Amino acid sequence: GAGPDAWLQVVNWYRQAMLPAGTDATKAALDALQTNRPIVVNSSDGHTTLVNSKALKIAGITAATPDPPSGRIDHDASGEPTGILEDAAGSLIEDKVPPPTAADTREAMAAALKSLAAAGVTSVSHQIATTEALDAYRALRRQGRLTLRVNAAPDVSVEEASEDAGAAVRRLLRLRDRYETGRL
């Protein structure tokens, strides 16, 4: 189970709506919390990740860490990382976070489905859908617990597409063949 030093992951941070207007968060806000946990906060738009100093340390992100292709590590005036990671720079942290178990994913999805059903939502688009998410949707559907239609869009990284675009397309077609359930 998760202990007091386990990763804390937060989703749907609406960075653009922080108040007062013009306010932004940095690792300092997370470092002020009374915890030893590495913390990862993902923005609702999928482009920004905010992390605390412990997460930066675990990921080995320092002032000297170069920006990854299609990503940016934000730095303060002294050159130190602020804890803001844009686009592909977020993967530098995500690669260090232990993945949820299949049961964790199904449990989280079941809770989300309950909330969505209560709000009358009948379909969703899942961007950057992982194989684990697709497996969870399929398991919930087989159990009769998938209460909405899911339009899933698996990710194709810049590296994967530039290395072998044909292989990337074939991978997506295999996913479609495996998970597509047809029109309702």
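The values are calculated or read from the model by the stated rules, or taken from the named source; none is laboratory data. All values reported here derive from a predicted model rather than from experimental measurement. Note that we place each Cβ from the backbone using ideal geometry, even for glycine, and neighbour counts take in every protein chain shown. These accessible areas exclude ligands, DNA and RNA; they are computed on the full protein's heavy atoms, side chains included. Shrake-Rupley method; radii C 1.70, N 1.55, O 1.52, S 1.80 Å.
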>> Looking only at the stretch 5-28, count every residue that is modelled with pLDDT of 95 or more and either over 21 Å from the mean Cα position of the chain (by Cα) or among the aliphatic types (A, V, I, L, M) (or both) and tell me the total.
In response: 1
> Hey, among the residues in the stretch 83-112 that are buried (at least 19 other Cβ atoms within 10 Å of the Cβ) and modelled with pLDDT of 90 or more, which one's nearest to I58 (Cα to Cα)?
Replying inline: I93
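Among the residues of the stretch 122-131, how many are open to solvent by 50 Å² or more (accessible area, probe 1.4 Å) and over 15 Å from R174 (Cα atoms)?
Step one: filter the stretch 122-131 for residues open to solvent by 50 Å² or more (accessible area, probe 1.4 Å), giving 122-123, 125, 127-128, 130-131.
Narrowing the set further to residues that are over 15 Å from R174 (Cα atoms) leaves 122-123, 125, 127-128.
Within the stretch 122-131, residues that are open to solvent by 50 Å² or more (accessible area, probe 1.4 Å) and over 15 Å from R174 (Cα atoms) number 5.
Taking the conditions exactly as written (open to solvent by less than 80 Å² (accessible area, probe 1.4 Å), of a type in the set (S, T, N, Q) and in a strand (DSSP E or B)), does T35 satisfy them or not? Spell out how you get there, then give the answer.
On the way: open to solvent by less than 80 Å² (accessible area, probe 1.4 Å): yes; of a type in the set (S, T, N, Q): yes; in a strand (DSSP E or B): no.
So T35 does not fit the description; no.
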> Considering only residues of the stretch 1-27 that are outside any loop (DSSP other than H, G, I, E, B) and open to solvent by 60 Å² or more (accessible area, probe 1.4 Å), which is farthest from Q127 (Cα to Cα)?
Replying inline: L8
> Are there any pairs, at least 6 apart or on different chains, whose C-beta atoms fall under 8 Å, with the first in the stretch 159-184 and acidic (D, E) and the second assigned to a loop (DSSP other than H, G, I, E, B), and if so, which?
Replying inline: E159/P69
> Can you name the residue in the stretch 42-58 that is aliphatic (A, V, I, L, M) and touching a Gly at 6+ places or on another chain (Cβ under 9 Å) and, of all such residues, is surrounded by the fewest Cβ atoms within 10 Å (Cβ to Cβ)?
Replying inline: L56
> Applying the selection to the stretch 65-121, what residues are within 15 Å of the chain's Cα centre (by Cα) and on the phi > 0 side of the Ramachandran plot?
Replying inline: D87
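To keep it simple, each residue is scored yes or no on (1) closer than 30 Å to G144 by Cβ; (2) among the β-branched types (V, I, T).
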site	(1), (2)
P20	no, no
H47	no, no
N52	no, no
I61	no, yes
S91	no, no
V97	no, yes
A112	yes, no
L116	yes, no
